[in-house]
Amino acid sequence: MPGFQVMADGSLKSMLTIIGTTLIIFISMGYIAADTAFGISNGLKPKPSNPLYSPGVFTIYLVVPLVAIVLFMILQTTIVVRFLSARLPLVWLVSSFFCFAVGQAIMFGASKKMCQSTNNRIDGAFFATLLDSAAVSCIYGFWSAITVDDNAAFEEDEYKF
């Protein structure tokens, strides 16, 4: 929300919003995972006929993050197109989404075949992790492209690493 200036960046209200939503997601995902694994309420426990089928866990670990990524892409694209004159950030954003999508496609589409052809030495998780790391690096590039550093101490090379 700070990008849309609904609330000031770093204010107590914006920090409490981030902390609150993080706690809600963490507690709800933890409960669904625990209920699925230990049968706390028997509502989410997998059927004995197919113990690996769990719609609750599928939803919280695959669908919810996918919705979050799509929402992030829409909101950030709106900010760049509407408020910034540069288009380079969109290249970083699309590159990040592409790296993530290819990583997930390898993970779910080619992992079994990779694992079998390498005698169980490597699977799609290795390449998915590499591409997810590239996606995070692209998000950093996106952030760097939309952020203007106006601190004079950094411009004068006062802080050298």
Between helix 12-38 and the chain, what is the angle of the helix's C-alpha long axis to the longest principal axis, kept within 0 to 90° and rounded to the nearest 10? 10
Taking Cα atoms, the helix 124-146 axis meets the longest principal axis of the chain at an angle in degrees (rounded to 10) of 20
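Skip the ligands, DNA and RNA, and give the accessible area per residue of the chain with a 1.4 Å probe, whole Å².
Accessible area per residue: 74 Å².
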Given +1 on the Cβ of Lys and Arg, -1 on the Cβ of Asp and Glu, and no further charges, what dipole in debye does the chain carry about its Cα centre, rounded to the nearest 20? 1000
Spin-label point model (7 Å from Cα, Cβ direction): what's the Ile25 to Phe108 distance in nm? 1.8
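Which length gain, in nm to one decimal place, applies between Asn42 and Met15 when the Cα-Cα distance is subtracted from 0.36 nm times their residue separation?
Values: separation 27, 0.36 × 27 = 9.72 nm, distance 3.60 nm.
Stretched fully, the Asn42-Met15 segment lengthens by 6.1 nm.
Roughly to the nearest percent, how much of the accessible area of the chain is carbon and sulfur, given a 1.4 Å probe?
Details: 8220 of 11920 Å².
Exposed carbon and sulfur together represent 69 percent of the surface.
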Over the chain, volume per residue of the alpha carbon convex hull, in Å³: 193
Quick one: how many Å² of Asp9 are accessible to a 1.4 Å probe, rounded to 10? 130
Between the helical axis of 64-83 and the dominant principal axis of the chain, each derived from Cα atoms, what acute angle in degrees is found, rounded to the nearest 10? 20
With each pseudo-label sitting 7 Å past Cα toward Cβ, what's the Ala101-Asn50 distance in nm, one decimal? 2.8
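The values are calculated or read from the model by the stated rules, or taken from the named source; none is laboratory data. The shown structure was predicted, so the numbers you read here are calculated from the model rather than taken from an experiment. A quick note on method: Cβ atoms are made from the backbone with ideal geometry, for glycine too, and the neighbour counts reach across all protein chains shown. Surface accessibility is based on the protein's heavy atoms, side chains included, excluding ligands, DNA and RNA. Shrake-Rupley method; radii C 1.70, N 1.55, O 1.52, S 1.80 Å.
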